[in-house]
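All of the numbers you see were taken from the coordinates with simple rules; none came from a lab. Here the structure is a predicted model, which means the values were calculated and not measured. Quick reminder, even Gly has a Cβ in these numbers, built from the backbone with ideal geometry, and neighbours come from all protein chains shown.
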Amino acid sequence: MAIIEVDNLSKTFKVPVREQGLRASVRSLVHRETKEVTAVDSVSFTIEPGEVVGFLGPNGAGKTTTLKMLSGLLHPTGGRCNVLGLEPKARPAELLRQITLVMGNRNQLQWDLPALDSFELNRAIYRIPRAEFIPRRDELIELLDVGDLVTKPIRNLSLGERMKMEIAGALLHRPQVLFLDEPTIGLDITMQRRIRTFIADYNNRHGASVILTSHYMADVQALCKRVIVIHHGRLVFDGDLTTLGERFTTQRTITARLADGEEITIRALRADTASVTSKLLADYDVVDLTIEDPPIDDVIEQVFADAGDAS
Amino acid sequence: MIPLYAAHMRQSVLTQFQYRAANYFYMIGMIAEPVVYLVVWSTIARAHGGSIDGLTPGAFAAYYIVWTLVRNMNIVLTPFAWEERIKDGTLSGQLMRPIHPIHEDLASFAGWKIVVLLLWIPIAAVLVLLFRPTLSPTPLQCIVFFFAIWGAYLIRAIIQWSLGLITFWTTRVSAIFEAYILSEMLLSGRVFPLVLMPKWFQTLTWYFPFRWTFSFPIVALTGPIKNRDLFIGLGMQVAWILAGIGLLSLVWPRAVRRFSSVGG
């Protein structure tokens, strides 16, 4: 049974519009004009227990809005969604005890106190028995390698260190569903890698479902077998990361190294790859040959460009 | 709920001790207001032959020194805080927790009171030495005062929390909040003891929550007050707390839905 069910989910915002100038300003006093902006437009998908799904899209595509609807922060204006069989918009405590939302640029821990104090508060909020809390906390501290940081006030930690603390704090109640909104934003490569490893480890250990948004394709490649691509609020792809390239790119890159040391790179249409390769092998003295799909960043760029053209 | 409140209070105490110097200066600043009132009213009393409506300089001193404690004990989340809370994402984090966010504020500010009380004692001692208050409460008055300051805190906390929710409908809320604060200044006994006001004014104050957040707890300790009025006062506090909870339970679900449309 799916752990997350999203059916024709939509969200429109009413935003005030006003032209510049004094006249428009005075007119807006008596007649306030608004327009409707569709942030999420009839999106449907399901997520199974234990799945790690990459949620991709350019800025303003509707990723965060969708995550906020799934976590109960925003009420949908159309369609419906269920998480763990419960309706997020009602924000039932039973649901909130089993999910978490980590936003890369937001800080939920107490700024002036060491993380250990905030963890203690989370223990009370989620009513975690002390006998369970201590080993859980220590496990998270060990996995995230933050043993020497938990006694320092949050304000004295670096961005990456704070993010690790945020993640530890958000997982103390051992949620079954993780909504991670750009958890590695602004972090250096080493810190990104550590957090990625940790998320994969948490998923393996506890079978939690994860929806991850990130602009770093390395995050998605390392963690997500499946990706959902959203653009202008509409779902444009839902499937394996590997098939994303097949569907949205028409070319492959063939690189041949010749006996005399020269290297030849050819971009061939996907359908012509076999014939181009055969010709290359027949015409040249090839000692090494590689055939690659374009880098995933290029694929995603292509997906967004195609979706943009279509809208 | 008790472990949750205890955890929030503990965290608040730890946080506020980090800012003990700032807290002290904040309290000293706050003392300036009642000291001005005290000096003005004492001077007027002396000019009127030693008392006004039975209030001597010693009685005024008692009123305004107790005022400083009541004022510190009924500090609550300002309605102005909501705009920032929505903008910086704090509210999103609170909404993700399986607990109503008001509990965090009630507990945190209650924890702050413990720090405030410790810092208040030396300030009150200096004020007593300087102004020589006339204060001789009965044991019953002391007991009622203890409950009345917490009652005052709850009334102010719940009503101002509900008032702050207007931020979900409009960001131009300063004028509304300031009108509320001005009404409180006039009708609560904060600027002048209500006993100095005409009878009709005193009657009017019964129909607003303000009197029960300043005047009642102060007079409960300083007197003069009949035992019957002590219990009526506590009853009025309970009534206003219940009214505040009712208001909050009506407004909060609508505000959260409204939060949907402003994002965050």
Derived scalar couplings ³J(HN,Hα) [segment A:275-280; Karplus, 6.51 cos²θ - 1.76 cosθ + 1.60; whole Hz; x for Gly, Pro]: 5, 5, 5, 4, 5, 4
Tally Lys/Arg at +1 and Asp/Glu at -1 over every other residue whose Cβ is under 13 Å from the Cβ of residue A:46; what's the total? -3
With only helices counted (DSSP H, runs n ≥ 4, each -39500 (n - 2.57)), the per-residue ellipticity at 222 nm for chain A, to the nearest 500, works out to -11500 deg cm²/dmol
Pairing the Cα long axis of helix B:174-187 with the longest principal axis of chain B, what angle in degrees results, from 0 to 90 and rounded to the nearest 10? 30
What does the charge count near residue A:213 come to, summing +1 for each Lys or Arg and -1 for each Asp or Glu among other residues with Cβ under 11 Å from its Cβ? -2
Where both residues lie in chain A, what percent of DSSP beta bridges are antiparallel, nearest 5? 65
Please work out the C-alpha center-to-center distance from segment B:194-236 to segment B:80-135 and express it in whole Å. 24
When all Cα-Cα pair distances of the protein assembly as shown are considered, the percent exceeding 38 Å is 47
May I ask you to derive the relative contact order of chain B, considering only C-alpha pairs under 8 Å and at least 6 residues apart, and to give it as an integer percent? 27
Ordered by fewest other Cβ atoms within 10 Å, a rough proxy for footprinting exposure, A:193, A:137 read A:193, A:137
Quick one: work out the % antiparallel among DSSP beta bridges in the protein assembly as shown, nearest 5. 65
In whole Hz, with x marking every Gly and Pro, tabulate ³J(HN,Hα) for segment B:140-152 from phi via Karplus 6.51 cos²θ - 1.76 cosθ + 1.60, θ = phi - 60°. 4, 4, 5, 5, 4, 4, 4, 6, 5, 5, 6, x, 4
Going by amide H atoms built from the backbone, whose H comes under 5 Å of the H on residue A:237, apart from near neighbours? A:229
Summed residue charge, Cβ within 10 Å of residue A:103's Cβ, Lys/Arg positive, Asp/Glu negative: -1
Vicinal HN-Hα couplings computed from phi for segment B:102-116 (Karplus, 6.51 cos²θ - 1.76 cosθ + 1.60; Hz; Gly/Pro x): 5, 4, 4, 5, 4, 5, 5, 5, 5, x, 4, 4, 4, 5, 4
Which value in deg cm²/dmol, rounded to the nearest 500, describes the helix-derived mean residue ellipticity at 222 nm for chain B, given -39,500 (n - 2.57) per DSSP H run of n ≥ 4 and division by the residue count? -25000 deg cm²/dmol
